[in-house]
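J.: Below: one structure in structure tokens.
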Amino acid sequence: MKFYLTLLLGLIVIRSAAQTGLINGSLQVQGIAATAHNTPFWFRSNQFGSIPLPGSSASVIGAIHMDYDTAHSRLMDWGASLEVRGDMGEKARATLIEGYGKLRVSIFELKAGRIKEIMGLVDTTLSSGAFAVSGNALGIPKVEVSIPEYFQLPWFGRLFAFKGNFAQGWIGEVPVQYKHLDSNIHIYAWWHQKSFYVRLGKPSWRLKLYGGINHQVYWGQENKVFGKGYNLSNWRTYWDVVTVRTYNNSKVGKHLGSADMGLTYDWDNTRLFLYHQFFISEGALAHLANLRDGLSGISLTNLADEQRLFHWSKLLFEFFCSKNQAGYPWSRYTPSGDENYYNNYEYAEGWSYNGLALGNPFISTRTSTRTGLPDDPQDYFNNNRVVAFHLGVQGAVDKWYFTVKLSYSMNYGTFGTSIYGHSTGRLYVPPKYGIWQEVSQLSSFLEVKKDLGGGYSIGCLGALDQGKLLNNSGGVILKLSRTFH
């Protein structure tokens, strides 16, 4: 109910601003031909849940946005957004991709609804995906208070700036697994999120340094899961979630985030962006035990105006590693053992929303990988030990704009399907469901589009998967778009 009231508020806000000239809209029609039952990796990954149906289908995507009035300086302003996708193929489906209203007062913003979101220091257009929240799944409906843009402190020549957020969300019913529970038990889960990031560098400096942390929690109805052994009140539970306190030697809920660092350097016509995310999960990072894992990226952006026949816009290279997890017998000791990224002993579908990973899509679920691979039934993510290389390119040739993504990964299952087994402290549980041998995967993507004038554009997308992790697949999307101002 809260979510639909938020959506209604967003529509009212859009309607009230219809005469201000701040509204932008778009309508897109797609025709999709893809391998039956297998949507290619880069057609379904990091799309904010806007995913075509498997096989051949047609889609219509409509969006309308009202942003802040940047032409006038106001203490208070508002905005809203709505995006809906309809698919017709083996079945008919309608999906609310985005729907929110927002209110800005000075540097602060209140936002409520379903929001397209990426959390952490990564390139937002070509990245393989941030560790905690990558935009791979639909946004979890939430209410958020934030400072969305870096606020420059007036001292020391505006050397220091910061931003951050604090949010409460509603996930809905999710399946749980716990030793005494029936396998069909569901609970209502909530979402907590907060972040804080700082920037060091005066406005005139070419070099700026960044650092920060984000923290998300998946929790709810612990008394239903743990029974009489759980005696915290709802407010005490929430306090322990927010402050990351332990109860009975464990944190309440599923916690996940990243500690990030990065820098930008601006030449006259090029911007360099370097970044690294350290993974926060079960507690290994606090012991400096999983430092070998992380997401590292380098991005180059062309700041020059497009003037030549060929123009490159952005180049990106990333290295993703989640193989270590502090899970080897020689790893630095941690009370929680191997991190087992995205999986959870309580939540049957782990770090997911509506079945899709909330974080980096290189960590894959049993529903997306080939059948026959070793699979611990308690691990929804059957492949979370990954080493991957990712390349992204954007540019234009004679006003035809293109995007290329090329990803190669080596995949090792989980520690539960390794020769070592899952661990808690120094206690290792021998693997019971087979040993995962290294399998490789190559996924590629190409998009080409051209503006036709009058707000119209055409485009073609192609994607291909080859390897032993995912079923081999391919597909083509043709699209016609119209924008409105």
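The values are calculated or read from the model by the stated rules, or taken from the named source; none is laboratory data. Model, not experiment: these values are computed from the prediction. Reconstructed Cβ throughout: ideal geometry from the backbone, glycine too, with neighbour counts over all protein chains shown.
J.: In the set TYR341, TYR333, which member is farther than 22 Å from ASP260 by Cα and in a loop (DSSP other than H, G, I, E, B)?
T.: Criteria check complete, one pass: TYR333.
J.: Can you spot a residue in the range 267-290 that is among the acidic types (Asp, Glu) and over 25 Å from the mean Cα position of the chain (by Cα)?
T.: yes
J.: Could we say that LEU103 is in contact (Cβ under 8 Å) with a residue 12 or more places away in the chain and either assigned to a loop (DSSP other than H, G, I, E, B) or exposed (fewer than 15 other Cβ atoms within 10 Å of the Cβ) (or both) here?
T.: No: the conditions fail for LEU103.
J.: On to the next question. From GLN168, GLN221, which residue is among the polar types (S, T, N, Q), on the phi > 0 side of the Ramachandran plot and out of contact with any Asp or Glu (no Cβ under 7 Å at 6 or more places or on another chain)?
T.: Just a single option satisfies the conditions, and that option is GLN221.
J.: Return yes or no: is ILE97 surrounded by fewer than 23 Cβ atoms within 10 Å (Cβ to Cβ) and free of Cβ contacts under 8 Å to residues at least 40 places away in the same chain?
T.: no
J.: Does the range 366-384 contain at least one residue that is within 13 Å of PHE131 (Cα to Cα), buried (at least 20 other Cβ atoms within 10 Å of the Cβ) and of a type in the set (Gly, Ala, Ser)?
T.: For the range 366-384, residues within 13 Å of PHE131 (Cα to Cα), buried (at least 20 other Cβ atoms within 10 Å of the Cβ) and of a type in the set (Gly, Ala, Ser): absent.
J.: Which ones in the range 67-93 are more than 14 Å from ILE32 (Cβ to Cβ), among the charged types (D, E, K, R) and part of a strand (DSSP E or B)?
T.: Hits for the range 67-93 are ASP77, GLU83.
J.: Here's a follow-up. Looking at the structure I just gave you, is TYR238 free of Cβ contacts under 8 Å to residues at least 60 places away in the same chain, among the hydroxyl-bearing types (Ser, Thr, Tyr) and surrounded by fewer than 21 Cβ atoms within 10 Å (Cβ to Cβ)?
T.: yes
J.: Find the residue count for the range 371-397, including only residues that are under 20 Å from ASP465 (Cα atoms) and either more than 23 Å from the chain's Cα centre (by Cα) or modelled with pLDDT under 95 (or both).
T.: 3
J.: When only residues in the range 398-442 that are in contact with a helix residue (DSSP H, G or I) (Cβ under 8 Å, 6 or more places away or on another chain) and of a type in the set (A, V, I, L, M) count, which is modelled with the lowest pLDDT?
T.: Looking at residues that are in contact with a helix residue (DSSP H, G or I) (Cβ under 8 Å, 6 or more places away or on another chain) and of a type in the set (A, V, I, L, M), I get VAL429.
J.: Select from the range 42-80 the residues that are small (Gly, Ala, Ser) and under 19 Å from the mean Cα position of the chain (by Cα) and list them in ascending order.
T.: SER45, GLY49, SER50
J.: Test LYS224 against the stated conditions and say whether it is in contact (Cβ under 8 Å) with a residue 12 or more places away in the chain, of a type in the set (Lys, Arg) and either closer than 20 Å to GLY337 by Cβ or touching a Cys at 6+ places or on another chain (Cβ under 9 Å) (or both).
T.: No.
J.: Would you be able to tell me the number of residues in the range 147-176 that are under 21 Å from PHE48 (Cα atoms), of a type outside the set (A, V, I, L, M) and in contact (Cβ under 8 Å) with a residue 24 or more places away in the chain?
T.: Qualifying residue count, the range 147-176: 6.
J.: Given the options TYR210, TYR197, TYR230, name the one that is in contact with a helix residue (DSSP H, G or I) (Cβ under 7 Å, 6 or more places away or on another chain) and either at pLDDT 95 or above or surrounded by 14 or more Cβ atoms within 10 Å (Cβ to Cβ) (or both).
T.: TYR230
Matching residues to (1) in contact (Cβ under 8 Å) with a residue 12 or more places away in the chain; (2) surrounded by fewer than 21 Cβ atoms within 10 Å (Cβ to Cβ):
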{"site": "THR39", "(1), (2)": "yes, no"}
{"site": "TRP42", "(1), (2)": "yes, no"}
{"site": "GLN47", "(1), (2)": "yes, yes"}
{"site": "PRO52", "(1), (2)": "yes, no"}
{"site": "GLY55", "(1), (2)": "yes, yes"}
{"site": "TYR68", "(1), (2)": "yes, yes"}
{"site": "HIS72", "(1), (2)": "no, yes"}
{"site": "GLY79", "(1), (2)": "yes, no"}
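J.: In addition: Of LEU469, LEU464, which residue is in contact with a Ser or Thr (Cβ under 7 Å, 6 or more places away or on another chain), closer than 19 Å to ASN340 by Cβ and surrounded by 15 or more Cβ atoms within 10 Å (Cβ to Cβ)?
T.: LEU469
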